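What follows is one structure encoded as structure tokens, with my remarks underneath.
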Amino acid sequence: DLSVTRKGSNLYKVDGKDVYIHTRYCYEYVYSEDSLLRMSGTSGKIVFIDEGSSCDVKAVYGDSGASPGKYKVSVSWEDDDWYEVFGTDTFIKTSACLSLALMEDAILNLSGPGYGSLYFIDDDDDCMVEGVYSKLRL
């Protein structure tokens, strides 16, 4: 049992926790919706109780514990404001970032635990980072 709020295309945040649920083709616009999460390894299903609907879960992410510093990374766009760091199980949550990067070199500059900026070298584009996450096995 948990409560979730939609934060982007196929992205739901567990209310009160630094945990995100990444879904597939899920169009439920929910705010603090009571839900059930059923997982097997890294994939599963989320059931929105009041809506009476469910969606496939691609992955669940928790805080990666990334330390402040500058990192050269190669990123690809996954969904709105959600980027995967190539070669890792690390994902970056941004704010209003419009880059459709595909294996694009970038500089991840973390000012504090999980927040800072993501600078796309080729595009000369800079995005605010809200968090750095890793896949959870539930």
For this session: Could you please put R24, R6, R38 in sequence from largest to smallest accessible area, using a 1.4 Å probe?
Result: R38, R24, R6
Exercise. Leaving out same-chain residues fewer than 8 places away, which aspartates and glutamates sit with a Cα under 13 Å from that of K135?
Worked result: D18, D63, E84, D89
For this session: Please compute the net charge surrounding D81, taking Lys and Arg as +1 and Asp and Glu as -1 over other residues with Cβ under 11 Å from its Cβ.
Result: -2
Exercise. In what order, largest first, do S111, S35, S134 sit by accessible area if the probe radius is 1.4 Å?
Worked result: S111, S134, S35
Exercise. So what are the ³J(HN,Hα) numbers for segment 126-137, from phi and the Karplus equation (6.51, -1.76, 1.60; θ = phi - 60°), rounded to whole Hz, Gly and Pro as x?
Worked result: 10, 10, 7, 9, 9, x, 10, 10, 10, 5, 9, 9
Problem set entry | Distant-in-sequence amide H partners of D15 (H built 1.01 Å from N, under 5 Å) | S3, V4, T5
Exercise. HN-Hα J couplings of segment 85-93 from phi, Karplus 6.51/-1.76/1.60, θ = phi - 60°, integer Hz, Gly and Pro as x?
Worked result: 8, 4, x, 9, 9, 10, 10, 10, 9
For this session: Would you mind counting up the charge near V60? Only other residues with Cβ under 10 Å from its Cβ, with Lys and Arg at +1 and Asp and Glu at -1.
Result: +3
Exercise. L138's amide H: which non-local residues (gap 5+, or another chain) put their own amide H closer than 5 Å, with H modeled 1.01 Å from N in plane and none for Pro or chain starts?
Worked result: G41
Problem set entry | Placed amide H near N10: partners under 5 Å, 5+ positions off or other chain | C26
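The values are calculated or read from the model by the stated rules, or taken from the named source; none is laboratory data. Every value quoted in this text rests on a predicted model; they were computed, and no experiment measured them. Note that each Cβ is placed from the backbone with ideal geometry, even for glycine, and that neighbours are counted across all protein chains shown. Protein only, heavy atoms only, side chains kept; ligands, DNA and RNA dropped before computing areas. Shrake-Rupley method; radii C 1.70, N 1.55, O 1.52, S 1.80 Å.
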